[in-house]
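S.K.: A single structure is presented below for examination.
Just so it is clear, none of the values below were taken in a lab; they were calculated from the coordinates. Note that this is a predicted model, so its numbers are computed, not measured. Note: ideal-geometry Cβ built from the backbone for every residue, glycine included; neighbour counts use all protein chains shown.
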Amino acid sequence: MEQKSERPRKHDGLTDDLGIYLHVPFCVKRCHFCAFYLVLHNRQRVETFLQALEREIALYASQPGMRGRTVSTVYVGGGTPTVLGSGQLATIFSRLKSGFSLSEQCEITVEATPESLTEQYADFLQQAGVTRLSIGVQSFDPRERTMLGLSGTMAEAISGVKIAKQAGFSNINLDLIYGNPGQTVQSWEMTLTHALEMDPSHLSLYALSLEKGTRFYTEFRRGLFEVMDPDHEACFLQQAETQLEPLQLSRYELSNWAKPGFACQHNLRYWKGLEYLGLGPSAQSYVSESRYGNVSSIEHYSKRLVAGQLPIANRELLTQVQQDKERIVFGLRLLEGVPIDWVRQASQDEVWATSFTALVKEEYLFQTDTGVQLTRKGRQFADTVGMRLL
Ligand code: SF4
């Protein structure tokens, strides 16, 4: 059967359905691999952020184009959203619910560090209507946790996940990292075993990537460690496949595994070319055929909003050709691949069609009458494939 082409439904230049990403830019410390925009938690900065965020929500909510749109996913990420007090997070939810029309089945995800999940806080999140928790465990190996610069202990990592389950969360994602300096397939196997003992509905397994501005990047430049080569990294993925498959956790995206019915609906928006609005410093949006991003610094973000302006730093209106290419590149991250009619549409650009054909010949892509997917080799070099198709 031919895969259905899922083109956003247009309504006054906008689709009816929307996702919201809300960036909470605070952490208690910066992990050694992390390059996200964030600052260390500080009461004054939190106040500045919350007041500005309230203004940003109100500004968008007053836009005629936003009225009548149904929000079907909300993703509160960061940073560490759970460094906010329960009262502060409750106020954010209340503003979102009064400013936007959240669907009854709205998936509401909150990212948390395991050590921030006390029984009281997890109960609050349940009662506040959070439907999904994404817990940044990263590793269950004490030595690796120290090396990664994580703030909680191994015991806290285990108890945070248990507390979330006891509070009644059935939709729980655990973030884990592989390819860390000094990590062995054996220690990765142990981390996966600990994770699977907790019966999560979703796992995000990320290969360590060296990002500028991180402590790891500086150490790498000084020659203090080597990055893992792709073949060795593939052994870690193979180990994950071996342990996850019997437990019905299937890989549905390059870095994501889920039990049936538990794929992250919000993240699927990114890979399917559907619209999302980003709120908070550095948050990115894709609305009405434009990609745009907010200013990063909390101070600039706040100043713009106090002046009654949206804190947008840059905006790009995508041409139809760009949109056609982008949805293929993002869509190929999904293991199901993309429908063949997307490829036919993009192939009207001859240069693009030549790159695509070369990638099929070189066995990075597998094409059938109905769709296109990355091959095993293509999945290993997905970033290169993406660059050749943009
Ligand atoms: S807790 Fe998460 S967001 Fe904060 S520094 Fe660590 S990895 Fe980055």
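S.K.: Hey, can you rank 314-326, 356-368 by average C-beta count inside 10 Å, highest first?
M.R.: Ranked from most to least packed, the peptides come out as 356-368, 314-326.
S.K.: Report, to one decimal in Å, the Kirkwood hydrodynamic radius for the stretch 320-390 based on all distinct Cα pairs. Walk me through the intermediate numbers first.
M.R.: Working: mean 1/r = 0.0859 Å⁻¹.
Its Kirkwood hydrodynamic radius stands at 11.6 Å.
S.K.: Sticking with this one: What is the set of long-range amide H partners of residue 372 at a cut-off below 5 Å, with H atoms built 1.01 Å from backbone N?
M.R.: Here 338, 340 satisfy the definition.
S.K.: Amide H of residue 112: which non-local residues (sequence gap of 5 or more, or other chain) have their own amide H closer than 5 Å, using H built in the peptide plane?
M.R.: Under 5 Å from the amide H of residue 112 lie the amide H atoms of 134, 135, 136, each far enough along the sequence or on another chain.
S.K.: Next up: Which residue fluctuates the most in the chain, going by a Gaussian network model with Cα springs under 10 Å, if the choices are 350, 56, 111?
M.R.: 350
S.K.: What's the percent breakdown of Cα-Cα distances in the stretch 1-156 across 10 Å bins, shortest bin first?
M.R.: 9, 34, 31, 17, 7, 0
S.K.: Can I ask one more? Please name which of 235, 297, 249 has its Cα lying farthest along the dipole of the stretch 205-321 towards the positive end, using unit charges on Cβ (Lys, Arg +1; Asp, Glu -1) and the Cα centre as origin.
M.R.: Farthest towards the positive end: 297.
S.K.: What's the magnitude of the charge dipole for the stretch 10-272 around its Cα centre, counting Lys and Arg as +1 and Asp and Glu as -1 at the beta-carbon? Answer in Debye, nearest 20. List each step's numbers first, then the result.
M.R.: Values: 23 positive and 28 negative charges, 181 e Å.
So the magnitude is around 880 debye.
S.K.: To continue, here is another question. In the chain, which Cys residues have no partner Cys with a Cβ closer than 4.7 Å?
M.R.: If one checks each Cβ against the other cysteines of the chain, 27, 106, 235, 264 turn up with nothing under 4.7 Å.
S.K.: Hey, another quick one. Of the residues 379, 43, 145, which exhibits the maximal mean-square fluctuation in a Gaussian network model of the chain defined by a 10 Å Cα contact cut-off?
M.R.: 43
S.K.: When you take every Cα atom in the chain, what is the radius of gyration, and what is Dmax, the widest Cα pair distance, in Å?
M.R.: That works out to 21.1, 59 Å for Rg and Dmax.
S.K.: With springs only between Cα atoms under 10 Å apart, run a GNM on the chain and tell me which of 197, 107, 245 wobbles the most.
M.R.: So, out of 197, 107, 245, the one fluctuating most is 197.
S.K.: In the stretch 320-390, with Lys and Arg counted as +1 and Asp and Glu as -1 at Cβ, which of these residues, 320, 368, 334, has the Cα nearest the positive end of the dipole, that is, farthest along it?
M.R.: 334
S.K.: Okay, next question. Using helices alone, what [θ] at 222 nm do you get for the chain, with -39,500 (n - 2.57) per DSSP H run of 4 or more residues, divided over all residues and rounded to the nearest 500?
M.R.: Working: 15 runs with 158 residues, N = 390.
When only DSSP H runs of four or more count, the value is -12000 deg cm²/dmol.
S.K.: Past 24 Å, Cα to Cα: identify those pairs from 212/325; 272/377; 97/325; 325/361; 212/361; 29/212, in the order given.
M.R.: Numbers: 212/325 27 Å; 272/377 22 Å; 97/325 34 Å; 325/361 19 Å; 212/361 34 Å; 29/212 17 Å.
From the list (212/325; 272/377; 97/325; 325/361; 212/361; 29/212), the Cα-Cα distance tops 24 Å for 212/325; 97/325; 212/361.
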